[in-house]
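Asks: There's a structure below that I have some questions on.
What follows draws every value from the coordinates through simple rules; no lab data is involved. Every value quoted in this text rests on a predicted model; they were computed, and no experiment measured them. Note that each Cβ is placed from the backbone with ideal geometry, even for glycine, and that neighbours are counted across all protein chains shown.
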Amino acid sequence: LKTIAWCTGGAQSMIEKAVDLGVDAYISGEISEPTVHIARETGVVYFSAGHHATERYGVKALGEHLASQFDIEFVFADIDNPV
């Protein structure tokens, strides 16, 4: 793999945009049946890493950044999602 695109959360529907960009692989949080077929038909490798797992780090980083810039308190409550 030389080029990888990613979009966190439930962005499996963005796989066609990734295909249009000519990437080798696409990472997102969820997967649906159409995503499987698009990946197979186009040869793009698709990784479904979990909706919760792909979104929590970005949210935490954003909260920490905003807290440092605006002198506000930020608390990240990571509630496990077993899906």
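Asks: Neighbour counts of other C-beta atoms within 10 Å: give me ILE31, ILE4, ILE79 arranged from fewest to most.
Replies: ILE79, ILE4, ILE31
Asks: Would you pull out the residues with amide H under 5 Å of ILE27's amide H, same chain only if 5 or more places away, H placed 1.01 Å from N?
Replies: ALA5, TRP6, CYS7, PHE47
Asks: To the nearest 10 degrees, how steeply does helix 33-42 sit against the main Cα axis of the chain, on a 0 to 90 scale?
Replies: Helix 33-42 sits at roughly 60 degrees to that axis.
Asks: When the dipole is taken about the Cα centre of the chain, and only Lys, Arg (+1) and Asp, Glu (-1) are charged at their Cβ, what size is it in debye, to the nearest 20?
Replies: Once rounded to the nearest 20, the dipole reads 260 debye.
Asks: Which whole-Hz couplings ³J(HN,Hα) result when phi for each residue of segment 14-28 is put into the Karplus expression 6.51 cos²θ - 1.76 cosθ + 1.60, θ = phi - 60°, listed in order with x for Gly and Pro?
Replies: Those phi angles translate into 7, 4, 5, 5, 4, 4, 4, 6, x, 6, 7, 8, 9, 10, 8 Hz.
Asks: Once the Cα atoms of helix 51-70 and of the chain are each reduced to a long axis, what angle between those two axes, in degrees from 0 to 90 to the nearest 10, is obtained?
Replies: Taking the Cα atoms of the chain, the angle to 51-70 is about 40 degrees.
Asks: Using only the alpha-carbon atoms of the chain, report the extent along each of the three principal axes, biggest first, to the nearest angstrom.
Replies: Projected onto the principal axes, the Cα atoms of the chain cover 49, 27, 19 Å.
Asks: Counting only chymotrypsin sites (Phe, Trp or Tyr not before Pro) that sit in a DSSP loop (anything but H, G, I, E, B) with at most 14 other Cβ atoms within 10 Å, what is the longest stretch of the chain containing none of them?
Replies: 1-73
Asks: I would also like to ask the following. Fewest Cβ neighbours within 10 Å first, please rank SER48, SER28, SER68, SER13 accordingly.
Replies: Going from least to most buried by this count: SER68, SER13, SER48, SER28.
Asks: Shifting gears a bit: Any idea which of SER48, GLY63, ILE4 is furthest toward the positive side of the dipole for segment 4-70, if Lys and Arg beta-carbons carry +1 and Asp and Glu beta-carbons -1?
Replies: It is GLY63.
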